[in-house]
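K.L.:
Take a look at the following structure, please.
The values are calculated or read from the model by the stated rules, or taken from the named source; none is laboratory data. Please read all numbers here as calculations on a predicted model, not as lab measurements. No Cβ is skipped: glycine too gets one built from the backbone with ideal geometry, and neighbour counts run over all protein chains shown. Areas reflect the complete protein model, heavy atoms only, side chains present, ligands, DNA and RNA absent. Shrake-Rupley method; radii C 1.70, N 1.55, O 1.52, S 1.80 Å.
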Amino acid sequence: MSAPLLEVRDLAKQYTTRGSTLTILQNISFDIGKGEVVGLVGESGSGKTTIGRSVLRLIEPSAGSVRFDGTELTELSASQMRRARPRMQYIFQDPFASLSPRMTIGEILTEGLKIQGTGNSKERLDRARKALEQVDLPADAVNRYAHEFSGGQRQRIGIARALTLQPEFIVADEPVSALDVSIQAQVINLLRDLQQRLGLTMLFISHDLAVVEYICDRVIVLYLGRVMEIAPSAELYADPHHPYTRALLSAIPSPDPDAHRNRQILKGDIPSPANPPSGCVFRTRCPKAISRCAEVVPELRETAPGRFKACIRDDLNGSVS
Amino acid sequence: MQQAAETILDVKGLRTVFRVRAGEVTAVNGIDLSVAAGETLALVGESGSGKSVTSLSVMRLLTRKIGAIAAGSVHLKRKDGKVRDLVSLSEQEMRSIRGDDIGMIFQEPMSSLNPVYTIGDQISEPIRIHRGADRKSAMDAAISLLDQVGIPDAARRVKQYPHELSGGMRQRATIAMALACDPTLLIADEPTTALDVTIQAQILDLLQKLQRERGMAMLFVTHNLGVVAEIAHRVAVMYAGRIVETGPVVDVFRNPKHPYTMGLLASMPKLGDATRMKQAGEKLAAIPGMVPSLMNMPAGCAFEPRCKFATEDCRKAVPPLFDVSPHHKSRCIHWQEV
Ligand SMILES: Nc1ncnc2c1ncn2[C@@H]1O[C@H](COP(=O)(O)OP(=O)(O)OP(=O)(O)O)[C@@H](O)[C@H]1O
Ligand SMILES: Nc1ncnc2c1ncn2[C@@H]1O[C@H](COP(=O)(O)OP(=O)(O)O)[C@@H](O)[C@H]1O
Ligand code: SF4
Ligand code: SF4
Ligand SMILES: [Mg+2]
Ligand SMILES: [Mg+2]
């Protein structure tokens, strides 16, 4: 991996509601190299969006450090953060809610540039046109409104909006989840093209592990606000080490009628963050849990070069399942 | 085999229209489908293709003012063995069929659960209405049903309200409600779409088990091809209000004979294969363009503007369903070449 562009250490997030404290994220640590695409996967409520937003300080983390290109973001003042912001952009899941219905596409795309005071209005519009071309939309879209476009086209507009600021780092939060599969493939191909062409660094959030495998170099697996496993994609999919990763992969329905279906079905529900299990948070559903799992919080450890897992059982690696 | 089993649902030439500002649109345009006892038919397609309108039409749950069945028949074999055309029944007769002969499950469990009644009250209600059971025995039946759908501690859960259950548990509760009167047909419209993948696996497993035990016919609506392969015996692929390909899942997925089905299968990243594709520099085979608007349908094959096999002839008329094999059909005039 190249020198990290982003270094996240012991990131935590708590919310206090009606006197009780909810721990949403705990001890989140990972790096993203320059030009690397890292996937963040986990089920609903596992904390993916909270990590993505905390990293860009769209919400304030409760503890921990986020270094971007050597600068500690959590210590920046509001105006310093505003200056740093164009280098990092967020792409939202919902292509319908994230674009204002009252603004033209041109206004939407140039808004960020205007706030940054970049160029004059003609130069800004030129950048917007160029960004539209990058996402394969006609440049004359600048005069139209979001409702005139389909879901896939709106998601392209969302991507173009992020690109006008020429960022180095993008957090893409479920950018294709709201799209139909035939359109999803168009947008995935586009994102991968752009990432390669522009050398973008990306944190790609998704609950779809097949999409993540296709687009990411490395993958972080989350469960109830804790990192369970981190591994290069090729290795994670061929040989998952953590019991949760195994179960997650096994639960994905395959369209291949010849795939053998001796799937492993996890029992029970995802616990609530208001009432997390002691020790390993996965233990209430883990098929490999032993009594000690209730007592020790597993640390995220490097068990092989580039492979990290948070599980106290070392006897489970390899293809045991 | 399944084909020999008795037909429970038989839909012929179903056409459903909606009144919109600009006039009328045809959301479902001549659908034929049948489901036998013990069989699962998956209706699959992208959003707006007409899956839900088809299932709502079968259940006669369209709001009269905006949508209506314009043509076709929906024959259902009831528990007493009598076959009725649901299209011609009165609303009162339909009410005696829904929840009794037909069980229903929807994407959002909360849409079938009433927040102000306990789970137990809601599951025992159909038993009291359709079976005339008394309160106590209906409640006992509800507890046993909750137990069958895998809700632990059922005797305590019947006293809880929907908001006290997780999403997966609520969906289990609506399944219990749908099964309360032992329906001959279960209609499930995207029952796992709102659930997490590990919970989806639980629910699919449960539905499969219950269906096998009870020998129900199941019409399963989904947009997820993986879920289809997981749960269904046969599949009908919908595009723009029509079935474009249908047959046994194994045949259709292994050997698709309609360019749309081929495109859908190819555009899905496949677990385990994505690493290879990435390393080989291969791209996902996206289908270009988008679904046509119902207001502005192409004259011939609706898929023609997006189809890489299209020829002049494809624009002339809507292709009929061709027999690829006795049970496998494709609505493509070039099915032999694709
Ligand atoms: N403002 C808030 N106050 C209290 N809890 C919150 C708040 N925002 C998020 N949470 C909780 O934090 C947890 C993580 O939420 P987050 O949105 O990060 O999940 P996610 O992994 O992105 O899920 P999804 O897949 O559903 O998008 C959830 O339990 C959520 O309910
Ligand atoms: N109440 C309605 N009024 C007008 N058009 C409708 C209505 N309900 C559905 N439609 C249209 O019918 C088509 C099929 O919808 P639907 O069956 O819900 O699709 P899906 O396959 O996603 O379930 C869509 O084009 C939809 O816009
Ligand atoms: S620590 Fe224990 S409960 Fe947690 S994943 Fe490992 S074996 Fe399972
Ligand atoms: S009929 Fe023509 S346009 Fe339609 S799917 Fe077949 S080849 Fe394509
Ligand atoms: Mg999220
Ligand atoms: Mg639908």
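K.L.:
All but one of (1) over 22 Å from A:Phe92 (Cα atoms); (2) touching a helix residue (DSSP H, G or I) at 6+ places or on another chain (Cβ under 8 Å) hold for A:Gly42, so report the exception by its number.
P.N.:
(1)
K.L.:
Would you mind finding the one in B:Ile151, B:Ile129, B:Ile203, B:Ile143 that is assigned to a helix (DSSP H, G or I), away from ligand 2 (no atom under 16 Å from the Cβ), within 12 Å of another protein chain (Cβ to nearest Cβ) and without any contact (Cβ under 8 Å) to a residue 60 or more places away in the chain?
P.N.:
Matching residue, one of B:Ile151, B:Ile129, B:Ile203, B:Ile143: B:Ile203.
K.L.:
Do any residues in region B:42-57 that are within 11 Å of another protein chain (Cβ to nearest Cβ) have Cβ atoms under 8 Å from those of residues that are away from ligand 5 (no atom under 16 Å from the Cβ) and of a type in the set (Ser, Thr, Tyr), where the two are at least six apart or on different chains, and which pairs are they?
P.N.:
Once the first residue is within 11 Å of another protein chain (Cβ to nearest Cβ) and sits in region B:42-57, its partners that are away from ligand 5 (no atom under 16 Å from the Cβ) and of a type in the set (Ser, Thr, Tyr) give B:Val44/B:Thr222; B:Gly45/B:Tyr239; B:Glu46/A:Ser182; B:Glu46/B:Tyr239; B:Ser49/B:Tyr239.
Conditions tested, residue by residue: (1) within 11 Å of chain B (Cβ to nearest Cβ); (2) closer than 30 Å to B:Leu265 by Cα.
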position	(1), (2)
A:Leu222	no, yes
A:Ala234	yes, yes
A:Tyr237	yes, yes
A:Pro243	no, yes
A:Ile290	no, no
A:Arg301	no, no
A:Lys309	no, no
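K.L.:
Could you please tell me which pairs satisfy a Cβ distance under 9 Å, a separation of 6+ or placement on different chains, a first residue in region A:90-101 that is at pLDDT below 85, and a second residue that is acidic (Asp, Glu)?
P.N.:
Short answer, once both residue conditions are applied: A:Gln93/A:Asp173; A:Gln93/A:Glu174; A:Asp94/A:Glu174.
K.L.:
Of the residues that sit in region A:63-89 and are in a loop (DSSP other than H, G, I, E, B) and free of Cβ contacts under 8 Å to residues at least 24 places away in the same chain, which one is nearest to A:Leu25 (Cα to Cα)?
P.N.:
Going through the qualifying residues, I end up with A:Leu76.
K.L.:
If you don't mind, there's one more thing I want to ask. Of the conditions (1) surrounded by fewer than 24 Cβ atoms within 10 Å (Cβ to Cβ); (2) part of a loop (DSSP other than H, G, I, E, B); (3) more than 11 Å from every other protein chain (Cβ to nearest Cβ), B:His163 satisfies every one except a single condition; which number is it?
P.N.:
(2)
K.L.:
Now, a different point. Got at least one residue in region B:25-37 being loosely packed, with under 14 Cβ neighbours inside 10 Å and more than 15 Å from ligand 6 (Cβ to nearest atom)?
P.N.:
No, the conditions are met nowhere in region B:25-37.
K.L.:
Given (1) within 16 Å of ligand 6 (Cβ to nearest atom); (2) open to solvent by 30 Å² or more (accessible area, probe 1.4 Å), where does B:Gly81 come up short, assuming only one miss?
P.N.:
(1)
K.L.:
Now for a different question. Check region A:241-249 and report whether any residue there is surrounded by 23 or more Cβ atoms within 10 Å (Cβ to Cβ), assigned to a loop (DSSP other than H, G, I, E, B) and touching a Gly at 6+ places or on another chain (Cβ under 7 Å).
P.N.:
Within region A:241-249, not a single residue is surrounded by 23 or more Cβ atoms within 10 Å (Cβ to Cβ), assigned to a loop (DSSP other than H, G, I, E, B) and touching a Gly at 6+ places or on another chain (Cβ under 7 Å).
K.L.:
Restricting to region A:178-220, count the residues that are aromatic (Phe, Trp, Tyr) and within 8 Å of chain B (Cβ to nearest Cβ).
P.N.:
The total comes to 1.
K.L.:
Given (1) within 14 Å of chain B (Cβ to nearest Cβ); (2) of a type in the set (A, V, I, L, M, F, W, C); (3) within 16 Å of ligand 5 (Cβ to nearest atom); (4) in contact with a helix residue (DSSP H, G or I) (Cβ under 6 Å, 6 or more places away or on another chain), identify the lone condition not met by A:Leu137.
P.N.:
Failing condition for A:Leu137: (3).
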